[in-house]
């Protein structure tokens, strides 16, 4: 039975790659750079976005909000007066624990792609499956809250390996938790050597300017790397 | 394609129920009460267990430790000198994001069931899928760290609904995070009316005695509810 199950999952992954490529072609045609933002539940994805997306210079940004249920995060981001689309994964038996390319594809008609330079897709909070499903994005960013502990890169290596940028959030809690930043970064480098990281706090604002600048420069950087 | 995918998942759930019943029969035969302990990554499952399992009076306890990869948590708990078995879900493409009944069944031969009164199964850190797969347990307990935010019951309702007891952990961080305990409990009651909860901190030890007492009394309580 286990062998049958694995075979089904691999078929799903292949279909996902096909649809992710179609998404990617649509994004490229519209000239939109796409970020897949991932983390465990409660790491602060939405809080970070709330603090940086309101002022990205001339970059026109939109958000695709993935959740099992509800639109709490989408409602928070809509107050920034940017286009936000909610995508729920609740299929009736508890909900999918990740976004896949087909779910994102189903949301494309409700996204104003032609009016965007940057689309941030906020994935379902989960440190395992989101890393297994490409959605047609240009870059994958993950948020790791220091409240989760310094061992997380060792326990969820695929997620940390999948990320092109790691945001180390809630650094304001450092005096109050058992977390050694050097040890965390050592673990991170062990599973994904050389991956860039930014230390920040969405609560105090520390470190957010660097991430905002990174996002502002991203579309031009992606265009240079992938000439039309 | 979506319909095919849903059908496959439902088949898997049916097979899971069959195997969970077989696990349950084996647990009952051995007289072992089984707890399925679930949470998001880094909520403190292992830290709570470290603080309470070392002294459960005369209750003989063992742990089945579920992780995508590695044995970090099992190594921590082994220092309590209790039987700990590691179960890795890494199937080669990133790992399963939850334990299911068949994985637990594959670990049964390596568990000294006849020598245990209580088995705690520490699930993979994830707020979605673990709630969808029974493993043959008597009770499901979830840990919610206040660092994750007060909105979590609304965003991951199935998990909070599945739990017979909710442990609200890291309460020592209350002065340092934007978390209103009353509002969290209000959300919890909205998705799972009347579910009991305990507020605690594995770091300071606050609230752990109540949970230790609860675990000590659990086997007798379960036997009363399910007469042989």
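Values computed for the structure shown
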{"item": "Given (1) free of Cβ contacts under 8 Å to residues at least 24 places away in the same chain; (2) more than 9 Å from chain B (Cβ to nearest Cβ), number of the condition residue A:70 does not satisfy", "result": "(2)"}
{"item": "Condition check for residue A:42: touching a helix residue (DSSP H, G or I) at 6+ places or on another chain (Cβ under 7 Å) and at pLDDT 95 or above", "result": "yes"}
{"item": "Top-ranked residue in the range A:48-59 [being touching a strand residue (DSSP E or B) at 6+ places or on another chain (Cβ under 8 Å) and surrounded by fewer than 22 Cβ atoms within 10 Å (Cβ to Cβ); ranked as farthest from the other protein chains (Cβ to nearest Cβ)]", "result": "A:59"}
{"item": "Complete set of residues in the range A:178-194 that are within 12 Å of another protein chain (Cβ to nearest Cβ) and farther than 8 Å from residue A:146 by Cα", "result": "A:178, A:184, A:187, A:190, A:191"}
{"item": "Given (1) within 28 Å of residue A:78 (Cβ to Cβ); (2) touching a helix residue (DSSP H, G or I) at 6+ places or on another chain (Cβ under 9 Å); (3) modelled with pLDDT under 95, number of the condition residue A:110 does not satisfy", "result": "(2)"}
{"item": "Subset of the range A:60-81 [crowded, with 18+ Cβ neighbours inside 10 Å and farther than 30 Å from residue B:170 by Cβ]", "result": "A:61, A:62, A:64"}
{"item": "Lone unmet requirement of (1) within 14 Å of another protein chain (Cβ to nearest Cβ); (2) modelled with pLDDT of 95 or more for residue A:95", "result": "(2)"}
{"item": "Verdict on residue B:62 being closer than 19 Å to residue B:141 by Cβ, in contact with a strand residue (DSSP E or B) (Cβ under 9 Å, 6 or more places away or on another chain) and more than 14 Å from chain A (Cβ to nearest Cβ)", "result": "yes"}
{"item": "Top-ranked residue of the range B:106-124 - restricted to ones that are within 14 Å of another protein chain (Cβ to nearest Cβ) and in contact with a strand residue (DSSP E or B) (Cβ under 6 Å, 6 or more places away or on another chain), ranked as nearest to residue B:41 (Cα to Cα)", "result": "B:124"}
{"item": "Filtered residues of the range A:30-47 (kept if at the interface with chain B (Cβ under 9 Å from one of its Cβ atoms) and surrounded by fewer than 24 Cβ atoms within 10 Å (Cβ to Cβ))", "result": "A:47"}
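The values are calculated or read from the model by the stated rules, or taken from the named source; none is laboratory data. Everything quoted here is computed from the prediction, not taken from an experiment. For neighbour counting, all protein chains shown are included, and Cβ atoms are generated from backbone atoms with ideal geometry for every residue, glycine included.
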